[in-house]
Amino acid sequence: MGTHHIRTRIMALATTALAACAMSMPAAAQDVDFSGDTIEYVIPFSESGGSSRWANFYAPFLHDALPGSPTVVVRYRPGAGSTSGANWFAEQDVTDGTLIFGTSGSTQFPYLLDDPRVRYDYKKWTPVLASGVGGVAYLPPDIAANFDGDADDLKDYNFLYGSQGATTLDLVPLLAWKLLGLTVDPVFGVEGRGDGRLMFERGEANIDYQTSPAYIRSVTPMVEEGLAVPMMSWGSLDDDGNIVRDPTFPDMPTFKEVCEATEGCETSGPGWDAWKAFFIAGFPAQKMVFVHQDTPQNIVDTYTAALKEVIARDDFQTQKEATLGNYPQLTGPGAKNAAELATNVSPEAKKWVKDWLLEDYGVSLD
């Protein structure tokens, strides 16, 4: 699919999903009752990152909206850049709606790149929610003093970055910094982006990025205290598939703007095309909630109805912008189609990224 259609599809999906969900649910959906149950909302990351922020934001709303007002508990299963937790979920056979699994781009990317550690298949999971997310890269103030909208004066620095792994969502910042000509050495093995942020806070890393929920909560206070300075956002997609400023951070330049201003960085060609392809796979529908594919349709419909109710709440909309940012939240058919966008990239982009990962990090995925 051409990228000029993708943003239009994402926004159309939000409208279509809400319209579809507004229709009455099948009568069987009304038979579902979670009274006295505990819903385990598992995410394959640690407690300190954007996925934790996202899951804990949704949990009380699900408690209110699901029939029977079940207890909704967020559980953490970090490891191997999220593939450990995803492999665990793939082995579960819970189909009564009491186990839901939240993924992120760091779960999508190893799947897209044929990572041999992956033993899960997105086609065997049923999506009930897809959340768009943005991301922001930032610097310590002493280094940021040399950043004036282009990265030319940052090329002499040796950067350290706490990374979950080369095939995780960290692929997006690592490739962006490479295209800018920066020397960034990743320290692989952190269990979540929150752990990478803690490395930055302790002075063990001197460049970092966080998804919007974690940036809003954990980095904005550092910025206000003069301990961090935003460098750029990854941007957002307009109706024609172009990278434009992130609506949550409208005053912040995008990576595309910084690239255009930086000597030697091109916003065309195979490197840029690969970055943009994985940005699209990783951010417009970055975080998703799934149930087992064998979950009965009436339970899937119950989740869809509950999430439709949540998304329509006035207090949800107000809190969402302050907590997650200003991005689409999709359920029903919208979530299903968004999941397809997030789990497909072109063969050309996949090959380019695999070659780069092998050359720069010795990561072989073939």
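The values are calculated or read from the model by the stated rules, or taken from the named source; none is laboratory data. As the structure is a computational prediction, the values presented were derived from the model and not from experiment. Because the Cβ atoms are built from the backbone with ideal geometry, glycine has one as well, and the counts that use them run over all protein chains shown. Just so you know, the surface numbers come from the protein's heavy atoms only, side chains and all, with ligands and any DNA or RNA stripped out. Shrake-Rupley method; radii C 1.70, N 1.55, O 1.52, S 1.80 Å.
Here is how the numbers come out for the structure above:
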{"read-out": "Computed E for Asp185/Ser84 - FRET, C-beta separation, R0 22 angstrom, nearest 0.05", "value": "0.35"}
{"read-out": "Where labels lie 7 Å past Cα in the beta-carbon direction, separation of Asp273 and Ala322 in nm", "value": "4.5"}
{"read-out": "By average C-beta atoms within 10 angstrom, highest first, the peptides 169-175, 295-301", "value": "169-175, 295-301"}
{"read-out": "Unit charges at the beta carbon, dipole of the chain: most positive-side option, Val229, Asn298, Pro253", "value": "Asn298"}
{"read-out": "Cβ crowding within 10 Å averaged over residues, with 102-114, 272-284 ranked highest first", "value": "102-114, 272-284"}
{"read-out": "Percent RCO, i.e. relative contact order, over the chain, from Cα pairs under 8 Å lying at least 6 residues apart", "value": "29"}
{"read-out": "Listed residue pairs exceeding 24 Å between alpha carbons, taken from Lys308/Lys350; Lys320/Lys350; Lys287/Lys320", "value": "Lys308/Lys350; Lys320/Lys350"}
{"read-out": "Centre separation in Å (Cα based) which lies between the stretch 195-272 and the stretch 307-354", "value": "19"}
{"read-out": "Principal semi-axes in Å for the stretch 263-366 [√(5λ), Cα gyration tensor, largest first]", "value": "35, 19, 11"}
{"read-out": "FRET efficiency estimate (nearest 0.05) - Cβ-Cβ, Glu266 to Val94, R0 56 angstrom", "value": "0.70"}
{"read-out": "Heavy-atom surface of the chain, accessible at 1.4 Å and reported per residue (Å²)", "value": "39"}
{"read-out": "Solvent-accessible area, 1.4 Å probe, carbon plus sulfur percent, for the stretch 115-155", "value": "46"}
{"read-out": "Thr71 versus Glu309: modelled label distance in nm, points set 7 Å from Cα along the beta carbon direction", "value": "2.1"}
{"read-out": "Rg(Cα)/(2.2 N^0.38 Å) for the stretch 185-234, N = residue count", "value": "1.08"}
{"read-out": "Sum of -39500 (n - 2.57) over DSSP H runs of 4+, divided by residues of the chain (222 nm, nearest 500)", "value": "-12000 deg cm²/dmol"}
{"read-out": "Cβ crowding within 10 Å averaged over residues, with 126-132, 138-144, 216-222 ranked highest first", "value": "126-132, 216-222, 138-144"}
{"read-out": "Percentage relative contact order, the stretch 58-150, counting C-alpha pairs under 8 Å, at least six apart", "value": "19"}
{"read-out": "Linear extension gain, Asp31 paired with Leu358, 0.36 nm per residue minus alpha-carbon span", "value": "112.5 nm"}
{"read-out": "Accessible-area composition of the stretch 173-219, carbon plus sulfur, in percent [1.4 Å probe]", "value": "43"}
{"read-out": "Accessible carbon and sulfur surface of the stretch 287-366 relative to its total accessible area, %, 1.4 Å", "value": "47"}
{"read-out": "Which of Asn337, Gly325, Leu365, positive extreme of dipole for the stretch 313-366 (C-beta unit charges)", "value": "Asn337"}
{"read-out": "Counted charge near Leu227, where neighbours are those whose Cβ lies closer than 13 Å (Asp, Glu -1; Lys, Arg +1)", "value": "-3"}
